[in-house]
Amino acid sequence: MAKMRAIVFTGPEKLEIRELDVPKPGPGEALIRVKTCNICTTEQGQYLGKRPLNYPYIGGHEFGGIVEELGPDTGEDIAVGDHVACGYTFCGQCWYCRRGIYTNCPTLYKTDIRYDGYYGMFGLADYLVMPVKTIYSFSKSIPFADIGFEEPLGTVIHGQKRLGIQPGDTVAVFGAGTMGMLNMMMARNHGAKTVIIDIKQERLEKAKGMGCDFVINSNEEDMEDSINSLTESRGVDHVIVAVGNTIANNQALKIVRHKGNVLFFAAGYPKPEITVDPNNIHYTEVALIGTYGGDPDDFRAACELINSKKIDVKALLDEKYTVEEAEQAFKRATSGSAYRVTIEF
C-alpha cells in the first residue's frame with residue numbers, strides 16, 4: 001500500500017515524522033494531496049502544550065492541495081486535479097446545522113479521530129480525506145500557500161457578518177498579527193476606515209504598508225486620546241479583539257462608541273479575563289459579540305476574495321520549510337515575531 005509522511009505531535013514541543021498508509025476516499029469523499037500547510041495559532045498552542053490534545057495528534061487545517069482521487073457519489077462540483085482548500089465537516093441535518101450553527105455540529109467533533117487511531121485535521125500530512133461538501137476550488141494561478149488562507153479568512157468573514165460594517169464606519173482592531181491583519185483587510189473591503197492597535201512598532205509599520213489607515217502603539221501613546229482625536233471623541237463604531245489578552249479585552253470597552261460593537265475574535269491560553277460593568281453596557285447600549293469558526297457560505301466567500309485577489313495575503317506569509325524541517329518551522333511559528341509559517345509537502 002502507498003505510504004505518506006505525517007508530522008505527529010507526541011507531546012508538548014515533541015514532533016515525529018511518521019510513515020502511514022495513504023487513506024482511501026469513501027462515498028462523498030475526496031483524497032487530497034497536500035502541497036502546503038500554514039501553521040495556525042491553534043497548532044502553535046497545541047505544539048507548546050497550551051491547548052489540550054489527545055496524542056498522537058496530526059494537526060493542520062490551513063492547507064492548499066490537489067484533488068487526487070474521488071470516492072463514489074461525489075457529484076460534479078469537484079474534479080481530480082482541482083486546487084483546493086477545505087472548511088469544516090458538518091452533517092447538514094442536526095438541530096445546529098438546520099439553524100446555520102455549523103460550528104456546533106456534533107459531526108465536527110465525532111470525526112476528530114480521523115484515521116488509524118490518530119486525532120486531528122491531517123493538513124500536516126502528505127494526504128488527507130475530506131467530504132466533498134467541505135472542499136472549495138481555487139484558480140490554478142493562486143499559490144498553494146495563499147490557498148491556505150481560505151479557512152482563517154472565512155472565520156474573519158463569519159465574525160464581521162455579526163458587525164454589519166458599513167462604508168465609512170471606523171473599525172479598530174487589537175493585534176497586528178495574522179488574524180488582526182486579515183480583520184483589518186476585510187474591514188477595508190467593506191469600505192471602513194481602519195485602526196490597528198499593537199505594542200510592536202514593526203508590526204504597526206507593516207499594517208500601514210498593507211493599507212491600514214491609522215496605527216496606535218499603545219505602549220507609546222494614550223490609546224483613548226488617540227481614538228478620541230480620530231473620532232471627535234465619539235469612539236469607534238466597531239472594535240475587533242484579535243488577541244486573547246485581558247488588557248485588550250478591557251481596553252476595547254473604553255474606545256467603542258455608544259451603540260457600537262465589540263467582537264471578541266480571539267481565544268487565549270491561558271484563559272484571558274474581562275471586567276464588565278453591567279451599568280455601563282446598559283447605558284451605552286454596547287453589544288458584546290462572540291465569534292468562532294465559519295460556515296460554508298463564509299468559506300465560499302473567502303475563496304472568491306482570494307481568487308479575485310481582493311484580499312491579497314502575500315504580505316502575511318513568513319518563512320517556508322520542508323517536512324523534515326518541521327521542528328524549525330514550529331520554533332519559528334511560535335517565536336512571537338512570525339506571521340504564517342508554511343510547511344511544503
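Return the sequence-ordered ³J(HN,Hα) values of segment 240-255 in whole Hz as given by the Karplus equation 6.51 cos²θ - 1.76 cosθ + 1.60 applied to θ = phi - 60°, using x for Gly and Pro.
10, 8, 9, 9, x, 8, 4, 4, 5, 4, 6, 5, 4, 6, 8, 10
Residues of segment 189-345: accessible area per residue at 1.4 Å, in Å²?
Per-residue accessible area for segment 189-345 comes out at 51 Å².
For the chain, set up a GNM with springs between Cα atoms under 10 Å and report which of Cys97, Cys212, Cys303 has the largest fluctuation.
Cys97
Enter the accessible area of Arg300 (Å², nearest 10), with the probe set to 1.4 Å and all protein chains included.
110
What angle, in degrees between 0 and 90 and rounded to the nearest 10, separates the Cα long axis of helix 178-189 from the longest principal axis of the Cα atoms of the chain?
Its long axis makes an angle of about 70 degrees.
Which order do Tyr118, Tyr102 take by accessible area at a 1.4 Å probe, largest first?
From most exposed to least exposed: Tyr102, Tyr118.
Given a Förster distance of 51 Å, report the FRET efficiency between Gln166 and Ile17 from their Cβ-Cβ distance, rounded to the nearest 0.05.
0.55
If you filter segment 255-345 for GluC sites (Glu not before Pro), then keep DSSP loop positions with at most 14 other Cβ within 10 Å, what is left?
Sites meeting the loop and neighbour criteria: Glu273, Glu285.
Provide Rg over Rh for segment 166-264; use the alpha carbon set for both Rg and the Kirkwood Rh (inverse mean inverse pair distance).
0.91
Dividing the Cα convex hull volume of segment 293-332 by residue count, how many Å³ per residue is that?
Taking the convex hull of the Cα positions in segment 293-332, it is 114 Å³ per residue.
If you add up the charges near Asn307, with Lys and Arg at +1 and Asp and Glu at -1, over every other residue whose beta carbon is less than 13 angstrom from its beta carbon, what do you get?
Around Asn307, the charge tally is -1.
Counting just the Cα atoms, what span does segment 97-204 cover along each of its three principal axes? Round to the nearest Å and put the largest first.
Result for segment 97-204: principal-axis Cα extents of 49, 36, 31 Å.
Hey, what's the per residue convex hull volume over the C-alpha atoms of the chain, in cubic angstrom?
Cα convex hull per residue, to the nearest whole number: 134 Å³.
Please work out the C-alpha center-to-center distance from segment 73-88 to segment 282-328 and express it in whole Å.
20
Give the angle, between 0 and 90 degrees and rounded to the nearest 10, that separates the Cα long axis of helix 296-308 from the longest principal axis of the Cα atoms of the chain.
Relative to the chain, helix 296-308 is tipped by roughly 90 degrees.
With a probe of 1.4 Å, find how much accessible area segment 1-131 has per residue, and write the answer as a whole number in Å².
Dividing the accessible area of segment 1-131 by its residue count gives 45 Å².
Projecting each Cα onto the charge dipole of segment 199-281 (Lys/Arg +1, Asp/Glu -1 at the beta carbon, about the Cα centre), which of Ala252, Phe265, Asn279 comes out farthest on the positive side?
Phe265
May I ask for the net charge around Ala85, where only other residues with Cβ less than 12 Å from the Cβ of Ala85 are counted and Lys, Arg are +1 while Asp, Glu are -1?
Net charge around Ala85: -3.
Of all accessible surface on the chain at a 1.4 Å probe, what whole percent is carbon and sulfur?
That fraction is 47 percent.
How long are the semi-axes of the equivalent ellipsoid of segment 32-126, defined as square roots of 5 times the Cα gyration tensor eigenvalues? Whole Å, largest first.
Taking √(5λ) for each Cα gyration eigenvalue gives 23, 20, 12 Å.
So for the pair Glu221, Asn54, with labels modelled 7 Å out along Cα→Cβ, what separation do we get in nm?
Label at Glu221, label at Asn54, 5.0 nm between them.
The values are calculated or read from the model by the stated rules, or taken from the named source; none is laboratory data. What you are looking at is a predicted structure, and each value in this text was computed from that prediction instead of being measured. For neighbour counting, all protein chains shown are included, and Cβ atoms are generated from backbone atoms with ideal geometry for every residue, glycine included. What goes into the accessible areas is simple: the full protein's heavy atoms, side chains included, and nothing from ligands, DNA or RNA. Shrake-Rupley method; radii C 1.70, N 1.55, O 1.52, S 1.80 Å.
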